[in-house]
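Just so it is clear, none of the values below were taken in a lab; they were calculated from the coordinates. Because the structure is a prediction, the values reported are computed rather than measured. Here the Cβ positions follow ideal geometry from the backbone for every residue, glycine too, while neighbour counts run over all protein chains shown.
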C-alpha cells in the first residue's frame with residue numbers, strides 16, 4: 001500500500017483544473033471595466049434601496065440587472081422588451097416593487113420600452129431616488 005505516482009498526478013491535475021475553472025468563472029461573472037465607472041452610483045443606490053426596504057423582501061427590475069445584482073447584492077430581473085401589459089404581468093408574477101434604470105444604456109431596447117411605458121402611464125411609476133445616471137422608481141399599483 002505505498003505511494004502511487006499515477007494517483008497523485010491525477011489528483012494534482014484535477015485540483016489544478018478545479019482552481020483554473022473557479023478563477024475563470026469569477027472573472028467571467030464580474031462586470032467589465034467599462035461598467036465599473038458607475039460602480040459607486042450602484043453601491044449608493046443599493047444602500048438607498050435597502051435603507052427603505054429590507055433586502056430580503058426587496059424585488060427589483062432593471063435595464064442592467066446583472067450590474068445591479070453585482071454591485072447592490074439585490075437580485076434584479078431584467079426589463080422585458082415590448083408592451084406595458086407584459087411588463088405589468090411580470091411585475092405581478094415576480095412581485096417587483098422597484099425599478100432601477102441606468103441612463104448608461106447597455107440594453108437599448110429595454111431602455112426604450114421603459115421610457116415608452118413611463119410616457120403611456122406615468123401614474124404607475126413614482127421617482128424615489130436619483131444617483132448619478134441611475135433612477136429608482138416605485139411601481140404604483142394600477143388598482144382594480
Item to check | Rough spin-label spacing in nm, given labels placed 7 Å along Cα→Cβ, for residue 37 and residue 140 | outcome: 3.4
Checklist outcome for this item: Fewest to most Cβ atoms within 10 Å: 42, 117, 11, 70 sort as 11, 70, 117, 42
Checklist outcome for this item: Protection proxy (average C-beta count within 10 Å per residue), highest first, orders 78-86, 133-141, 57-65 as 57-65, 133-141, 78-86
Checklist entry - Counting other C-beta atoms within 10 Å, which of 112, 118 has the fewest, and how do the rest follow? => result 112, 118
Checklist entry - Semi-axes of the equivalent ellipsoid of region 69-144: what are they in whole Å, largest first, if each equals the square root of 5 times a C-alpha gyration tensor eigenvalue? => result 18, 14, 13
Checklist outcome for this item: Here the gain from full extension of residue 120 to residue 47, 0.36 nm per residue of separation minus their alpha-carbon distance, amounts to 23.3 nm
